[in-house]
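Report on one structure; see the data block that follows.
The values are calculated or read from the model by the stated rules, or taken from the named source; none is laboratory data. Being a predicted model, the structure only gives us computed values, none of them experimental. A quick note on method: Cβ atoms are made from the backbone with ideal geometry, for glycine too, and the neighbour counts reach across all protein chains shown. Just the protein is used for accessible areas: all its heavy atoms, side chains included, with ligands, DNA and RNA removed. Shrake-Rupley method; radii C 1.70, N 1.55, O 1.52, S 1.80 Å.
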Amino acid sequence: FVRQQYSFTRKKSNHKQTMSDNLIGIVGQDYVILAADSAQARSIVLMKEDEDKIKVIDDHKAMAMSGPSGDRENFGEFIEKNIVLYELRQGGSLSTKAAAYYTRGELATALRSSPYQVNILFGGFDQHGPSLYFIDYLAAIQKLPFGCQGYAGYFLLSVLDRHYKENMTLEEGLQVLQICIDQLKTRFVLNTKDWVIKIITKDGIRLHQGSNSNE
Amino acid sequence: MARYDRAITVFSPDGHLFQVEYALEAVRKGTTAVGVRGTDTIVLGVEKKSTAKLQDPRTVRKILKLDKHIVMAFAGLTADARVLVNKARIECQSYSLTLDDPVSVEYITRYIAGVQQKYTQSGGVRPFGISTLIIGFDPDGTPRLYQTDPSGTFSAWKANATGKNSKTVREFLEKNYTTEGVSTSAGAVKLAIKSLMEVVESGSKNIEIAVLKKGEDLKILEEDEVDVIVKEIEAEIKAAKEESE
């Protein structure tokens, strides 16, 4: 008898990851730093250098997203409105984990019909403190102390392994982030000179650097 | 399974929709709610039904947020309100997602009134047994207060009341509402509490006040904050009575 073989295929052509969307996330003592490069490019042309890729969802949650801007903005707004709706109904705040898992769930549901090509670093501050979740476009999720999306990871995961410490102060965290950004400037072939950096603490979310159009 | 398609709300020979009128009766039996529109502050006040000893009072909420900037109170069937509020909350987010703008107070009022009307002209359903008071600031900063009722009509008000003894409260508001009086936040809150005190046992235990100031989040006053104002009002009434004697 013949044993049937099932093979899984993924259409490589759908994989239209944009080249230089780089995201960095760092969890510290009482904060999460989310950084996203602010370049928006089409092929070889730099369309915009002050794009804000970090969507603020509520007072204490934000997600940095990479991918084609249509998917990024569409998915980001969709998640934001649904989380706001949930919190209005519930009369409180969702935990970061719950919101991150909800987001991943939506990516997973759409994956096998009309997938969103967004990679996410989901940061938040709740009663359990600061936390960061890595969610990729295939809807994999992982809680991490630090994370990268895009080509940045190839360069920076080792840099972060070297320099990251648990419970860093905000100053130390920003120093580590600067080391990361400088590394990309030195070694990454594409332009990542402008960044939008947002810091999430128990007091809310503030813009640390860059232009802000995504509140 | 047979579908419910028989209309329940139908005209009577003399042009009445009895189901709608009965729904208004249900509203008249509900706990009082009052709304006062000031210049930069809008106030909602509700009569707090005395809760059973073992009941957690925080779970009996009659003032509900529809969106970050829109709040509503109601009189009538609490469960019906829950359904309507749920629909309104979804509509607020859906509108904001498509239009990238928060809803105006009039839009969401029109939506809620539209839903209430639909339920007077659909098969197998009965009207919602609630009247709502919806407050909020439009994106351009204008304060708004709207009322809807089971028939699906809505209108804008400077101040209004609904529920038990709403006529008394409304008459009090008509006599005592002045634009200068409500130009301050304290003035608007005081008027709302004063009007409620006409029909509700005085004391913070029986009154819940929600204050919406322009540019700020909704604030539900603590019991002791309400107590302070109630005592102020009682002292004023006493002083006025002594003067007239």
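Could you size up the charge dipole of the protein assembly as shown around its Cα centre, putting +1 on the beta carbon of Lys and Arg and -1 on that of Asp and Glu, and report it in debye to the nearest 20? Don't skip to the end; give the middle numbers.
Working: 59 positive and 60 negative charges, 408 e Å.
Roughly 1960 debye for the protein assembly as shown.
When the Gaussian network model of chain B links Cα atoms closer than 10 Å, the mean-square fluctuations of B:205, B:62, B:164 top out at B:205. Rounded to the nearest 20 debye, what is the charge dipole size of the range B:1-70 about its Cα centre when +1 sits on each Lys and Arg Cβ and -1 on each Asp and Glu Cβ? Once rounded to the nearest 20, the dipole reads 460 debye. Radius of gyration over Kirkwood radius for chain A, both on Cα atoms: the Rg/Rh ratio is 0.99.
Ranking B:218, B:163, A:124 by how far each Cα lies toward the positive end of the dipole of the protein assembly as shown (charges on Cβ) leaves A:124 at the top.
Can you give the mean number of other chain Cβ atoms that lie within 10 Å of the Cβ atoms in peptide B:67-76?
On the way: counts 3, 4, 0, 0, 0, 0, 0, 0, 0, 0.
Averaged over the peptide's residues, the number is 1.
Rounded to the nearest 20 debye, the dipole magnitude of the range A:27-132 is 420 debye, with +1 charges on Lys and Arg beta carbons, -1 on Asp and Glu beta carbons, and the Cα centre as origin. Among B:229, B:90, B:130, the largest mean-square fluctuation in a Gaussian network model of chain B (Cα springs under 10 Å) belongs to B:90. Classify the range A:67-154 as rounded, prolate or oblate, taking a ≥ b ≥ c as the square roots of the eigenvalues of its Cα gyration tensor: rounded when a/c is under 1.5, otherwise prolate if a/b is larger than b/c and oblate if not. Oblate, because a/c is 1.5 or more while a/b does not exceed b/c. Shown for the range B:90-110: residues covered by the partner protein chains by 50 Å² or more of accessible area relative to the chain by itself (probe radius 1.4 Å), namely B:93, B:97. Protein heavy-atom accessible surface, 1.4 Å probe, per residue over the range B:142-245: 55 Å². Largest accessible area first, the residues B:157, A:195 order themselves as B:157, A:195 under a 1.4 Å probe with ligands, DNA and RNA left out.
In the context of the full set of protein chains, residues of the range A:105-215 present 53 Å² of accessible surface per residue (probe radius 1.4 Å, heavy atoms only).
Counting pairs of Cα atoms in the range B:100-245, how many percent are more than 19 Å apart?
On the way: 6507 of 10585 pairs.
So the portion of pairs separated by more than 19 Å is 61 percent.
Under the rule a/c < 1.5 gives rounded, and otherwise a/b versus b/c splits prolate from oblate, where does the range B:1-107 land using the Cα gyration tensor? Let's see the in-between values first.
Working: a/c = 1.64, a/b = 1.20, b/c = 1.37.
Oblate shape, in that a/c is at least 1.5 and b/c is the bigger or equal ratio.
Comparing the full protein assembly with the isolated chain (1.4 Å probe, heavy atoms, ligands and nucleic acids excluded), the residues of the range A:61-92 losing at least 10 square angstrom of accessible area are A:77, A:78, A:81, A:84, A:85, A:88, A:89.
Before rounding to the nearest 500, sum -39500 (n - 2.57) across all DSSP H runs of length at least 4 in chain A and divide by the residue total; then give [θ] at 222 nm in deg cm²/dmol.
Numbers: 4 runs with 68 residues, N = 215.
After summing the helix terms and dividing by residue count, I get -10500 deg cm²/dmol.
Name all residues of the range B:119-145 having a backbone nitrogen under 19 Å from the label point set 7 Å from the Cα of residue B:5 along its Cα→Cβ direction, giving them as ranges. Of the residues in the range B:119-145, B:119-126 have backbone N under 19 Å from the label point off residue B:5. Taking a ≥ b ≥ c as the square roots of the Cα gyration tensor eigenvalues, with a/c under 1.5 meaning rounded and otherwise prolate when a/b beats b/c, else oblate, which class fits the range A:139-186? Because a/c hits 1.5 or more and a/b fails to exceed b/c, the range A:139-186 counts as oblate. When a 1.4 Å probe is rolled over the protein heavy atoms, the share of accessible surface on chain B that falls to carbon and sulfur comes to 52 percent. The string of couplings for the range A:97-103 from the Karplus curve (6.51, -1.76, 1.60, θ = phi - 60°) is 4, 4, 5, 5, 5, 4, 4 Hz, one whole number per residue in order, with x for Gly and Pro.
Kindly provide the GluC sites (Glu not before Pro) of the range B:182-219 that DSSP labels as loop, not H, G, I, E or B, and whose Cβ sees at most 14 other Cβ atoms within 10 Å.
Working: sites: B:198, B:201, B:208, B:216; in loops: B:198, B:201, B:216.
Of the GluC sites (Glu not before Pro), the ones in loops of the range B:182-219 whose Cβ has at most 14 other Cβ atoms within 10 Å are B:201, B:216.
Chain B against chain A buries an accessible area of about 900 Å², both chains summed, 1.4 Å probe radius.
The radius of gyration of the Cα set in the protein assembly as shown, together with its Dmax, comes out at 27.6, 110 angstrom. Note on chain B: with a GNM built from Cα contacts shorter than 10 Å, the maximum mean-square fluctuation among B:17, B:212, B:173 falls on B:17. Considering only Cα-Cα distances, which of the following residue pairs are longer than 22 Å: B:164/B:214; A:61/A:97; A:202/B:214; A:97/A:198; A:61/B:65? Listed pairs above 22 Å: B:164/B:214; A:202/B:214.
Expressed as a whole percentage, what fraction of the accessible surface of the range A:113-161 belongs to carbon and sulfur atoms when a 1.4 Å probe is rolled over the protein heavy atoms? Write down the numbers at each step before the final one.
Details: 1160 of 2050 Å².
Ligands and nucleic acids excluded, carbon and sulfur give 57 percent.
So how do A:80, B:232, B:222, B:106 rank on accessible area, 1.4 Å probe, biggest first, that is with the largest at the start?
On the way: A:80 20, B:232 90, B:222 110, B:106 65 Å².
Output order, biggest surface exposure first: B:222, B:232, B:106, A:80.
Nearest 0.05, what FRET efficiency do residue B:224 and residue A:78 give at R0 = 41 Å with Cβ-Cβ as r? Using R0 = 41 Å, I get an efficiency of 0.45.
Here the spin labels are modelled as points 7 Å beyond Cα on the Cα-Cβ line, and at residue A:187 and residue B:165 they lie 7.6 nm apart.
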